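These notes concern the structure reproduced below.
The values are calculated or read from the model by the stated rules, or taken from the named source; none is laboratory data. All values reported here derive from a predicted model rather than from experimental measurement. Please note: Cβ atoms are built from the backbone with ideal geometry, for glycine as well, and neighbour counts cover all protein chains shown. For the accessible areas, the whole protein counts, side chains as well, though only heavy atoms, and no ligand, DNA or RNA atoms are used. Shrake-Rupley method; radii C 1.70, N 1.55, O 1.52, S 1.80 Å.
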2 protein chains.
Amino acid sequence: MIRRFRGESLHKVDAKGRVSVPAAFRRVLEEGDPDFSRGSYPNFVIVYGGVRSDCLEGYTISSISKVDKLISKLPRFSKDREMLERFINTQSTYMQLDETGRIVLSHRLKEKVGIGDEAIFAGMGEKFQIWEPKNYQNELNALDSSFKKLSEDENPFLKLDQLQD
Amino acid sequence: MIRRFRGESLHKVDAKGRVSVPAAFRRVLEEGDPDFSRGSYPNFVIVYGGVRSDCLEGYTISSISKVDKLISKLPRFSKDREMLERFINTQSTYMQLDETGRIVLSHRLKEKVGIGDEAIFAGMGEKFQIWEPKNYQNELNALDSSFKKLSEDENPFLKLDQLQD
DNA sequence: TAGATTTCCATGATATCCCATAAGATAGCA
DNA sequence: TGCTATCTTATGGGATATCATGGAAATCTA
């Protein structure tokens, strides 16, 4: 089984910016880091730019490579490619879990998404997100209400079955 | 034969949140976990968000993977994909049966659907549901009365055979 | 050398593992 | 057909490991 990021949880951010990454996510990060071996600590990537400017997004090494590969397919020097490279390569950073399964969020990163002394981790399959709790709640509410407004044939759950190959 | 989740049963939830999963369901979970082998204990997924917010829904690994695969076909960063990931990945969690065929429902999960010291398991074919007993009874009653109100050509039993492909 | 960052240790809470038992269910057999 | 032995289930309790988190010491770095 290929493990995916699943679930959501709330964690304290201490004065130094340290946060525990949910234990379940660590397993996914380990599996997703080709250089990981027992006894070491997995590397991964946090993207803070681009589409989602209200949260941070964490990718395993192997899932960010997939994205990188897609970007490489765009014509060199194209506007699109430039933009994606800016958002996904420039505005991102490598991270490493420490011995106790924590990472440290720099002042800059916390500020970027409004994180204070708490953060919510949300699994999103191939990636996960880190949110300031209030913003996260707003996101959920917004999603909920926009879901309720959808007509039957816009419902993504129902569209799923039509994709069936 | 492909086993499906069938039947309903009531189980105690102890102080630690432990509940026995009905023995019949365990067989289905085992068959539905590609990594399962005799001597190990099957993994599966519980979804608590989205459409059904009044009960928990259990999926085998292989049936949730089907869903995951469909979601992965949607464009990364699209609104639809975001919504589905939020409801199906974020608001879900991996589970593993223990040696005695139990799982533990965290405080958060129990609270989400109002479960106290008893829970009802209900088979639903490809998935099963976990309910607080009173809520379950209400659900049954509501279903019953809305069924009675249907006209002949709305009756799903009669529509069934028309779908035949 | 002051402030920031990283490493190392400490602790309470939670989750997991291991063992135990009683009630059913099933099988075997006379 | 009735009786006993065996297995499976549902459930409980205690021991142990893991997790989330905080603080102190060591190391950078500007």
- Length gained if B:Leu160 through B:Ser40 is fully extended, taking 0.36 nm per residue and subtracting the Cα-Cα distance, is 39.3 nm
- Item | For B:Ser78, net neighbour charge (Lys/Arg +1, Asp/Glu -1) across residues whose Cβ lies under 12 Å away | +2
- Within straight cross-link reach of A:Lys110, meaning Cα distance under 30 Å, which lysines are found once same-chain residues fewer than 8 apart are removed? A:Lys12, A:Lys16, A:Lys66, A:Lys69, A:Lys79, A:Lys127, A:Lys134, B:Lys79, B:Lys112
- Return the calculated 222 nm mean residue ellipticity for chain B, to the nearest 500 deg cm²/dmol, obtained by summing -39500 (n - 2.57) across DSSP H runs with n ≥ 4 and dividing by the residue count. -9500 deg cm²/dmol
- Take the alpha carbon atoms of the range A:1-41, find their center, do the same for the range B:1-55, and report the distance between the two centers in whole angstrom. 26 Å
- Distant alpha-carbon pairs in the range B:8-132 (separation over 23 angstrom), percent: 31 percent
- Task: Return the sequence-ordered ³J(HN,Hα) values of the range A:6-18 in whole Hz as given by the Karplus equation 6.51 cos²θ - 1.76 cosθ + 1.60 applied to θ = phi - 60°, using x for Gly and Pro.
- Result: 9, x, 9, 7, 9, 9, 6, 10, 8, 4, 8, x, 6
- Message: What are the ³J(HN,Hα) couplings of the range B:103-109, residue after residue, when phi is run through the Karplus curve with 6.51, -1.76, 1.60 and θ = phi - 60°? Round to Hz, x for glycine and proline.
- Response: 10, 10, 8, 5, 3, 4, 5
- Item | Apportionment of accessible area to carbon and sulfur, the protein assembly as shown, percent (1.4 Å) | 52 percent
- Item | Pair A:Phe77, A:Asp117: separation of 7 Å Cα→Cβ label points (nm) | 5.4 nm
- Message: List the residue ranges in chain A for DSSP H helices whose C-alpha atoms run 15 angstrom or more along the long axis and whose Kyte-Doolittle average is 0.0 or above.
- Response: A:61-73
